[in-house]
Amino acid sequence: MTSFLPDGVMLPPLLGDLFPPCVVSRADAPLLLRVQEILDTTIAPHAADNDRTGRYPTHAISLLKQSGLLMLAVPRAYGGMGVGQALSLEVMVRIATADPAVAQIYKVHDDLVREIFSYATPALCHRLAERIRSDHAIIGMAVAENGPTADSFLQTLAIARPDGQWVLRGRKIYATGAAGADLIAITSFDPLAARDHDDVRAGLRLDLVPRATAGLRILQDWNRMGQRATDSGTVILDDVRVGSEWNAIAPQSVLPVHTSLRYQAGFSAILIGTGIGALRAGCDFVARHSRPWGAAQVERATDDPYVRRRIGEIGADLSVAYCAVRQCGDLLDLHERGGIARGAVAIPVSAARSAATGAALRATSDILAATGARGTDLQYGLDRYWRDARTLSLHDPVDWKNAEIGRHLLTGWTPEPGPYQ
């Protein structure tokens, strides 16, 4: 049920009264309520099919495009809604509850919009805002490379041409959202510019490239056990030409130092949504199909005290993790307003990632202990929640998050900005 309050609108609850209410402004409420209806009536019912197919969820993304959701993070100065990170994280939780793969594709767009509009030239920002507003353009990503370490990002080359264009050559992996994107954000490196300026930073590029550009090939080779519908396979760049006007990193750009923290908070939100989806599906299964254990001496599985206990423990873990992610959203927004230092956000983000990972893995695994053996039948697809959560949790090791928290508590250390901290 949606509640209308004097100062805003309360979104429908995700798990009864377990989570604190989410109240949004009356201006933002129509869009978010429309998106919630799409999630409940169309996207969630087809999530299992998307998982089985393992290809880009074109219909689901089209519905989100038409809803206007892609303008959520576009700044008001460029005609967007300009909402804060806290509300974007709430949206990611809700999309992930319906379909975690769709949530990850949306997350890439939201993250890139926030990043690009923070440092790109006004001319590029105007062009990009118009593409998103008029064409419902969604941005995909081609950043990661198969280097010797997980944070190797300088193998894709950018070569200047005499006509002012650039040629991109390389190979990208884990290109989430690229398979169905309208624009793909591609990182590359110009070694000549880096040499001339004696600065690696001078050689970095982030180009927005239309998916149909000649020389850009998207291999449908994504074959992971989870997050299958992200279609996050390989992208080949074979002399892909791009104009200088589509390079988002201007020469004098001041790159934000909290980008990685925003990315991490988004992964936590999706993990929590995955756990919520598993818990909701499990509770429905118990009520409809499970049999009570004989020793419980009850007529319905929902009255079994141990089933109730397990469901309650799962819910409690998710509640704690959800509140931690909401706090991260508030801290990120406060940091962007200049209210707190980056370090005051970094450690809570690591804590939220740790809590979300543990809660999601427990929820998606232990829910089967509540449903009983019948819940393992493939027709119900309850296994996909664990496969999604386990796959997403490996994006970067949570052990490093816990180690960072421990180092901070033991020594007062604060993490420096980096791709994963």
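The values are calculated or read from the model by the stated rules, or taken from the named source; none is laboratory data. The shown structure was predicted, so the numbers you read here are calculated from the model rather than taken from an experiment. Note: ideal-geometry Cβ built from the backbone for every residue, glycine included; neighbour counts use all protein chains shown. All accessible areas refer to the heavy atoms of the entire protein, side chains included, with ligands and DNA or RNA removed. Shrake-Rupley method; radii C 1.70, N 1.55, O 1.52, S 1.80 Å.
Residue pairs whose Cβ atoms lie under 8 Å apart, separated by 6 or more positions or on different chains, with the first residue in the stretch 152-179 and farther than 22 Å from Leu112 by Cα and the second open to solvent by 80 Å² or more (accessible area, probe 1.4 Å) and in a helix (DSSP H, G or I), are Ala160/Leu192.
Put simply, of Val325, Val254, Val307, Val298 the only residue that is over 19 Å from the mean Cα position of the chain (by Cα), among the β-branched types (Val, Ile, Thr) and under 30 Å from Ala120 (Cα atoms) is Val254. For the residues Val257, Val240, Val200, the requirement of being at pLDDT below 95 and out of contact with any Lys or Arg (no Cβ under 6 Å at 6 or more places or on another chain) singles out Val200. Taking Asp49 as the residue in question, decide whether it is surrounded by fewer than 17 Cβ atoms within 10 Å (Cβ to Cβ), out of contact with any Pro (no Cβ under 7 Å at 6 or more places or on another chain), closer than 26 Å to Cys328 by Cβ and among the acidic types (Asp, Glu). The answer is no for Asp49.
Kindly evaluate Ala287 against the criterion of being among the hydrophobic types (A, V, I, L, M, F, W, C), within 30 Å of Pro417 (Cβ to Cβ) and under 32 Å from the mean Cα position of the chain (by Cα). No: the conditions fail for Ala287. Once the stretch 204-221 is narrowed to residues that are surrounded by fewer than 22 Cβ atoms within 10 Å (Cβ to Cβ) and in contact (Cβ under 8 Å) with a residue 60 or more places away in the chain, the residue that is farthest from Arg169 (Cα to Cα) is Gln220. Sub-8 Å Cβ pairs linking a first residue in the stretch 392-421 that is closer than 17 Å to Ala344 by Cα to a second residue that is open to solvent by 60 Å² or more (accessible area, probe 1.4 Å) and among the aromatic types (Phe, Trp, Tyr), at least 6 apart or interchain, are Tyr420/Trp400; Gln421/Trp400, ordered by first then second residue. For first residues located in the stretch 21-33 and under 9 Å from Gly8 (Cα atoms), partners that are assigned to a loop (DSSP other than H, G, I, E, B) and of a type in the set (D, E, K, R) and lie 6+ apart or on another chain with Cβ distances below 9 Å form the pairs Val23/Asp7; Ser25/Asp7; Arg26/Asp7. Here Ile95 passes the criteria (1) buried (at least 20 other Cβ atoms within 10 Å of the Cβ); (2) within 26 Å of Arg217 (Cβ to Cβ) except the one numbered (2). Across the stretch 373-383, the qualifying residues are those that are open to solvent by 20 Å² or more (accessible area, probe 1.4 Å) and in a helix (DSSP H, G or I), and the one among them that is nearest to Arg228 (Cα to Cα) is Asp383. Of everything listed in (1) over 15 Å from the mean Cα position of the chain (by Cα); (2) among the charged types (D, E, K, R); (3) in a helix (DSSP H, G or I); (4) under 26 Å from Leu112 (Cβ atoms), the single unmet condition for Asp238 is (3). Looking at the stretch 389-421, which of the residues that are of a type in the set (S, T, N, Q) and surrounded by 14 or more Cβ atoms within 10 Å (Cβ to Cβ) is nearest to Met92 (Cα to Cα)? Here the answer is Ser393. Scan the stretch 290-300 and give yes if some residue there is within 24 Å of Leu14 (Cα to Cα) and crowded, with 16+ Cβ neighbours inside 10 Å, otherwise no. The answer is yes, given that some residue of the stretch 290-300 is within 24 Å of Leu14 (Cα to Cα) and crowded, with 16+ Cβ neighbours inside 10 Å.
For every residue, the table says whether it meets (1) in contact with a Lys or Arg (Cβ under 7 Å, 6 or more places away or on another chain); (2) modelled with pLDDT under 95; (3) over 24 Å from Glu90 (Cα atoms).
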| residue | (1), (2), (3) |
| --- | --- |
| Ile105 | no, no, no |
| His136 | yes, no, no |
| Pro148 | no, yes, yes |
| Leu168 | no, no, yes |
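Of all residues in the stretch 53-107, those satisfying the criterion of being polar (S, T, N, Q) and under 15 Å from the mean Cα position of the chain (by Cα) are Gln85, Ser88, Thr97, Gln104.
Looking across the stretch 186-216, the residues that are within 20 Å of Val167 (Cα to Cα), among the charged types (D, E, K, R) and out of contact with any Asp or Glu (no Cβ under 7 Å at 6 or more places or on another chain) come down to Asp190, Arg195, Asp196, Arg201, Asp207. For Asp304, the criteria (1) within 26 Å of Asp388 (Cα to Cα); (2) in contact with a Phe, Trp or Tyr (Cβ under 9 Å, 6 or more places away or on another chain); (3) surrounded by 22 or more Cβ atoms within 10 Å (Cβ to Cβ); (4) of a type outside the set (Phe, Trp, Tyr) hold in every case but one, which is (1).
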